[in-house]
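Beneath this line is the structure, given in structure tokens, with notes to follow.
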Amino acid sequence: MVPFLDLKSIQLAQREELTAAFNRVLDSGWYILGQEVTRFEQEYADHCQAKHCVGVANGLDALVLVLRAMDIGPGDEVIVPSNTYIATWLAVSHVGATPVPVEPDERTYNIDPARIEAAITPRTKAIIPVHLYGQPADMAPILAIAKKRGLRVLEDGAQAHAARYQGQRLGAHGDAVAWSFYPGKNLGAIGDGGAVTTNDEALAQRIRVLRNYGSQVKYHNEVIGYNSRLDELQAALLRAKLPQLERGNQHRASIAQRYLAAFAGLDLVLPAVPAFAEPVWHLFVVRHRQRDVLAKRLADVGVATMIHYPVAPHLQPAYATLGLGKGSFPISEAMHAEVLSLPIGPTQSDADTEQVIAAVKVAVAALA
Ligand SMILES: *Cc1c(COP(=O)(O)O)cnc(C)c1O
């Protein structure tokens, strides 16, 4: 069997550093908002070439806290991609605002900047580009539109740790970036975790207050805050993992190059990488008209795949109240029907990569 992503082998490759980090926290006697979180915030801000980093409980909360810190709420609209993990939309809903979907570019799967202006209304307050599958969205035109129309830009970086846009690491192209350290992400904790990076000091300070009960001084509450702190243990584990992020991403990139070379000429839509992007291959997503048959044939020969994602956010029961019926976002709907993610990961063996290549070639040829 070729697993989709072998999380256990990723952790065990660093057993010693992770155990040492655990012991350091255990022995410290301090478990919430201490040295480990402070140091991780400095190290991750440096890594992202951003001025500030604030550790929070998870990626969804990172998005929510930024929107709250931007004073976005009921009556406001926020532009989101029509094809993203639902967390991007949920964050907008949780602050009481309305997500307004915009269709993606067919080749990159990221929000199409040329379609954003048509979705802007007097209520629009912000745009959330998502760097989907590990590839940066085209930030320059998005930032230009935001500047012209007076909008904030919050990037969802949950799938794109260490990716570069025009040579610069993601971290502060827009007003802020929300990060997730869910175990399956390129930088993953052993549990939940998240962060916000930004160059805006006032915004960072508001998020620090919001994440800790709206309080700067214990038992004095300035605003209606949250309990959404990155905990000391996860921060210590992430500090052990951050130095390995580039190496893991390089291994993912080498697998992606092998797939791209091996599948060129097959009847299969392959991921396209624009000149401005250095992706980190969180996922390797192909498209096929008979996606479900292809997935079944691969499973039959021991190759695990996944679908990111099977149902478009606007067609989820959770968003039935928006009244965006079937057919309202056709580009996204077609993608959701055809995308398939192949195995890729920082510890995937050459033998497994070869097995995936051989299996995909046979299965695609048989479907032609
Ligand atoms: C994983 C993910 C999130 C949410 O992160 P959690 O830490 O699971 O809350 C948000 N957006 C995208 C695009 C994601 O992939």
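The values are calculated or read from the model by the stated rules, or taken from the named source; none is laboratory data. All of these numbers come straight from a predicted model, not from anything done at the bench. A quick note on method: Cβ atoms are made from the backbone with ideal geometry, for glycine too, and the neighbour counts reach across all protein chains shown.
Within the stretch 145-154, does at least one residue satisfy the condition of being assigned by TED's automatic domain parsing to the domain that holds Asp61, within 16 Å of the ligand (Cβ to nearest atom), over 29 Å from Thr347 (Cα atoms) and touching a residue at least 24 places away in the same chain (Cβ under 8 Å)? Give the steps one after another, and end with the answer.
So the first thing to find is which residues in the stretch 145-154 are assigned by TED's automatic domain parsing to the domain that holds Asp61, and the list is 145-154.
Narrowing the set further to residues that are within 16 Å of the ligand (Cβ to nearest atom) leaves 153-154.
Those still in the list that are over 29 Å from Thr347 (Cα atoms) too: 153-154.
Okay, now just the ones that are also touching a residue at least 24 places away in the same chain (Cβ under 8 Å), so 153-154.
Yes, the stretch 145-154 contains at least one residue that is assigned by TED's automatic domain parsing to the domain that holds Asp61, within 16 Å of the ligand (Cβ to nearest atom), over 29 Å from Thr347 (Cα atoms) and touching a residue at least 24 places away in the same chain (Cβ under 8 Å).
Have a look at Arg229, Arg252, Arg239 and point out the one that is of a type outside the set (Asp, Glu), assigned to a loop (DSSP other than H, G, I, E, B) and surrounded by 15 or more Cβ atoms within 10 Å (Cβ to Cβ).
None of the other options fit; the residue is Arg229.
Among the residues of the stretch 140-199, which ones are among the hydrophobic types (A, V, I, L, M, F, W, C) and in a loop (DSSP other than H, G, I, E, B)? It would help to see each step written out before you state the result.
Here is the first cut: in the stretch 140-199, the ones among the hydrophobic types (A, V, I, L, M, F, W, C) are 140, 142-146, 151, 153-154, 158, 160, 162-163, 170, 172, 176-179, 181, 187, 189-190, 195-196.
Hits for the stretch 140-199 are Leu151, Ala158, Ala160, Ala162, Ala163, Leu170, Ala172, Phe181, Leu187, Ala189, Ile190.
Are any residues in the stretch 101-118 within 19 Å of the chain's Cα centre (by Cα) and part of a loop (DSSP other than H, G, I, E, B), and if so, which ones?
Once the filter is applied, which keeps residues that are within 19 Å of the chain's Cα centre (by Cα) and part of a loop (DSSP other than H, G, I, E, B), the stretch 101-118 yields Glu103, Asp105, Glu106, Arg107, Thr108, Tyr109, Asn110, Asp112.
Out of Ala178, Ala172, which single residue is within 16 Å of the ligand (Cβ to nearest atom) and under 19 Å from the mean Cα position of the chain (by Cα)? Break it down stepwise before answering.
Numbers: Ala172 fails: within 16 Å of the ligand (Cβ to nearest atom).
After ruling out the rest, the residue left standing is Ala178.
Can we say Leu203 is under 27 Å from Asn23 (Cα atoms) and either in contact (Cβ under 8 Å) with a residue 24 or more places away in the chain or not assigned by TED's automatic domain parsing to the domain that holds Thr353 (or both)?
no
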